[in-house]
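To keep things clear, I will list the structure first and then write my remarks on it.
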Amino acid sequence: MNQPIKEPSFRESVDQMFNRAVSLMDLSPGLEEKIRVCNATYTVRFGVRLRGKIHTFTGYRSVHSEHMEPVKGGIRYSMGVNQDEVEALAALMTYKCALVEAPFGGSKGGLCIDPREYDEHELEQITRRFAYELIKRDLINPSQNVPAPDMGTGEREMAWIADQYKRIHTTDINGNACVTGKPLNAGGISGRVEATGRGVQFALRAFFRDSEGVKKAGLTGDLDGKRVIVQGLGNVGYHAAKFLSEEDGCKVIGIIEHDGALYNPAGLEVEKIRAWIGKHGGISGYSDSHHVDKGASVLEEPCDILIPAAMEGVINLNNADRIKANLIIEAANGPVTAGADQVLREKGVVIIPDMYANAGGVTVSYFEWVKNLSHIRFGRMQRRQEESRHQLLINELERLSKDKELGWTLSPGFKDKYLRGADELELVRSGLDDTMRIAYQSMADVWHGRDDVDDLRTAAYLVAIGKVAASYRAKGL
Ligand code: NAD
């Protein structure tokens, strides 16, 4: 049997991509190094008494860059968490925030734990204890460091963290802003749960509006009818697959999960499969005829768009040359290694890079943080005022439509649609769409405009690093 090819670590892989971009920039000596390095990584080991025995857990919070504060980045629960991984993810957060103009530095945290091994009460005890360790060192703090959900965590864990912070800082009126991704009834914002998957959809729509980019990927037309394979039907993968199939006419032909894959060129039912996973913990048993035991092999099936949305390093030097997708959108962080990136580029595969593709999460987290600091729901002041101004126009149009000489009428449904002022969810989606369009354009301008840049990832790094460097220069560094 062939030995797997050894590749650089996740952090080294991010550094290599960074280096590729800075070699095309003219940064002052030392600034390049300052931007690349991770400022600090805190490791904590703590004990929790569970089932009559003390269990020791290891967690991390890494701060990559404090050129803007607070720093921002998710907390991940997974057995694979380690220092190298959180540092790579924290660095990606710095570049991601810069690219989409969310005013944060980059951070990331993680706990080495398999959440499936614990019940809800145990997870609450563990989460509160981990949060306590970070809070007392200001590694969770509304003005310094604001976590969010990531792999293995969600609204529930964020609510525990916010509550733990408020127990310790009882008089901090901005306490809710210490973490984002909270449930709506605990200071969250509409649309945060779907945000990263929604962002993937908006990113693809932005891509398909760029005819030059579509041509470079060897594709034509729009999203309608495109064949999609998605890896990981968790928060990000599920929402992306759902919106693309329900709203843009894509056909999801492959779904890869931790216990195998489902593959059907005629299309798969995302909603039903998600419900099955929710009940059974995996896709096994869903369909004998479409089940593939070696799930990762489905990454290599022909498709138009491949969406790795599970974890890092899944497309690497061992499988890159067998990937047949025209377009890869990195919904997960770091799913393509630096080595695989090169192989795919040489093959002409277009990759929409993670720092842009999954920035929907941090973008809506930014809106949630602003909402928490302003203590008011978006749209609360203007919604009815907007509706009454629209009513004025409708009244006038209705008056004119009674005029037989003019002979026109309002289209059916127009009045209701026009009258309705935007609620928070609509405003959040609109803000996210705007963010994704602007960020895409900034990358595409570099991608199509510079002869020395032949991929979107390098373009994204150039834009992001340029912004971080400008912010350091403004500080006099
Ligand atoms: P999640 O825990 O909700 O989902 C991950 C899914 O991947 C699960 O369904 C899991 O069963 C599956 N999975 C695990 N190992 C797998 C394997 N070997 N093969 C196939 N599937 C596997 O996590 P998530 O929040 O959806 O995050 C997924 C990725 O997206 C991560 O890389 C994360 O850093 C990134 N991301 C998440 C957010 C967010 O808002 N949640 C934001 C930005 C980036």
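Within the stretch 234-247, residues that are in the same structural domain as Ala261 (by TED's automatic domain parsing) and within 27 Å of Tyr77 (Cβ to Cβ) sit with their Cβ atoms under 6 Å from residues that are more than 8 Å from the ligand (Cβ to nearest atom) and of a type in the set (Asp, Glu), at 6+ positions apart or across chains, in these pairs: His239/Glu194. Flag: Val193 matches the condition of being more than 15 Å from Gly431 (Cβ to Cβ) and not assigned by TED's automatic domain parsing to the domain that holds Ile315. Of note, Leu89 does not satisfy the criterion of being surrounded by 17 or more Cβ atoms within 10 Å (Cβ to Cβ), on the phi < 0 side of the Ramachandran plot and at pLDDT below 95. Output the residue which, of all residues in the stretch 228-242 that are of a type outside the set (A, V, I, L, M, F, W, C) and in a loop (DSSP other than H, G, I, E, B), is farthest from Gly360 (Cα to Cα). Ranking the qualifying residues of the stretch 228-242, first place goes to Gly232.
Within the stretch 250-298, track down each residue that is assigned to a strand (DSSP E or B) and either within 11 Å of the ligand (Cβ to nearest atom) or within 11 Å of Gly232 (Cα to Cα) (or both).
Looking only at the stretch 250-298, we keep the residues that are assigned to a strand (DSSP E or B), and these are 251-257, 260-263, 291-292.
Passing the criteria: Gly254, Ile255, Ile256, Glu257, Gly260, Ala261.
Quick check: is even one residue across the stretch 119-129 hydroxyl-bearing (Ser, Thr, Tyr) and surrounded by fewer than 24 Cβ atoms within 10 Å (Cβ to Cβ)? Among the residues of the stretch 119-129, not one is hydroxyl-bearing (Ser, Thr, Tyr) and surrounded by fewer than 24 Cβ atoms within 10 Å (Cβ to Cβ), which makes the answer no. In the stretch 316-344, the residues that are closer than 19 Å to Ala90 by Cβ reach residues that are more than 16 Å from the ligand (Cβ to nearest atom) and assigned to a loop (DSSP other than H, G, I, E, B) with C-beta atoms within less than 8 angstrom, at least six apart or across chains, in these pairs: Thr337/Glu7; Thr337/Pro8; Thr337/Leu317; Ala338/Glu7; Ala338/Pro8. One residue stands out in the stretch 129-154 among those that are within 20 Å of Val81 (Cα to Cα) and among the small types (Gly, Ala, Ser): the one that is nearest to the ligand (Cβ to nearest atom), namely Gly152.
Contact map, the stretch 376-395: residues that are closer than 23 Å to Pro412 by Cβ paired with residues that are part of a helix (DSSP H, G or I), Cβ distance under 6 Å, separation 6+ or inter-chain. Pairs shown: Glu387/Leu419; His390/Tyr418; His390/Leu419; Ile394/Lys415. Contact map, the stretch 125-139: first residue under 12 Å from Cys178 (Cβ atoms), second residue among the β-branched types (Val, Ile, Thr), Cβ cut-off under 7 Å, separation 6 or more or different chains; pairs are Ala131/Ile140; Ala131/Ile161; Leu134/Ile140; Ile135/Ile168.
Tyr42 fulfils the conditions (1) within 16 Å of the ligand (Cβ to nearest atom); (2) at pLDDT 95 or above except for a single criterion, (1).
When the stretch 106-134 is filtered for residues that are over 15 Å from Phe57 (Cβ atoms) and in contact with a helix residue (DSSP H, G or I) (Cβ under 6 Å, 6 or more places away or on another chain), the ones remaining, listed by number, are Gly106, Ser107, Lys108.
For the stretch 210-217, the criterion of being among the acidic types (Asp, Glu), in the same structural domain as Leu268 (by TED's automatic domain parsing) and more than 16 Å from the chain's Cα centre (by Cα) is met by none of the residues.
Test each condition in (1) hydrophobic (A, V, I, L, M, F, W, C); (2) surrounded by 17 or more Cβ atoms within 10 Å (Cβ to Cβ); (3) over 30 Å from Phe367 (Cβ atoms) for Ile5 and report the one that comes out false. In the conditions (1) hydrophobic (A, V, I, L, M, F, W, C); (2) surrounded by 17 or more Cβ atoms within 10 Å (Cβ to Cβ); (3) over 30 Å from Phe367 (Cβ atoms), Ile5 misses (2) alone.
Within the stretch 263-300, being touching a Phe, Trp or Tyr at 6+ places or on another chain (Cβ under 7 Å) and within 17 Å of Val314 (Cβ to Cβ) holds for Ile283, Val292, Val298. Any idea which residue in the stretch 419-477 is farthest from Arg377 (Cα to Cα), counting only those that are touching a Gly at 6+ places or on another chain (Cβ under 7 Å) and of a type in the set (D, E, K, R)? Per the stated criteria, the residue is Arg429. Give the number of residues within the stretch 305-333 that are crowded, with 24+ Cβ neighbours inside 10 Å, assigned to a loop (DSSP other than H, G, I, E, B), near the ligand (Cβ under 9 Å from one of its atoms) and not acidic (Asp, Glu). Number satisfying all stated conditions: 4. Of the helices (runs of 4 or more DSSP H) contained entirely in the stretch 155-227, those carrying at least 2 residues that are within 16 Å of the ligand (Cβ to nearest atom) fall at 155-168, 195-209.
Figure legend. Inter-residue proximity from the stretch 213-229: first residues closer than 16 Å to Leu306 by Cα, second residues among the polar types (S, T, N, Q) and in a loop (DSSP other than H, G, I, E, B), beta-carbon distance below 7 Å, spacing 6+ or different chains. Indicated pairs: Val214/Thr220; Ala217/Asn326; Gly218/Asn326; Leu219/Asn326. Can you tell me which residue in the stretch 334-344 is surrounded by the most Cβ atoms within 10 Å (Cβ to Cβ), limited to those that are of a type in the set (Val, Ile, Thr) and either within 16 Å of the ligand (Cβ to nearest atom) or closer than 14 Å to Thr458 by Cα (or both)? That would be Val336. Among residues of the stretch 272-292 that are in the same structural domain as Asn235 (by TED's automatic domain parsing) and touching a residue at least 24 places away in the same chain (Cβ under 8 Å), those with a Cβ under 6 angstrom from a residue that is more than 12 Å from the ligand (Cβ to nearest atom) and part of a loop (DSSP other than H, G, I, E, B), sequence gap 6+ or separate chain, pair up as His290/Asn264.
The values are calculated or read from the model by the stated rules, or taken from the named source; none is laboratory data. Owing to the predicted nature of the structure, the values given are computational and were not obtained by experimental measurement. As a convention, Cβ positions derive from the backbone with ideal geometry for all residues, glycine included, and neighbour counts pool all protein chains shown.
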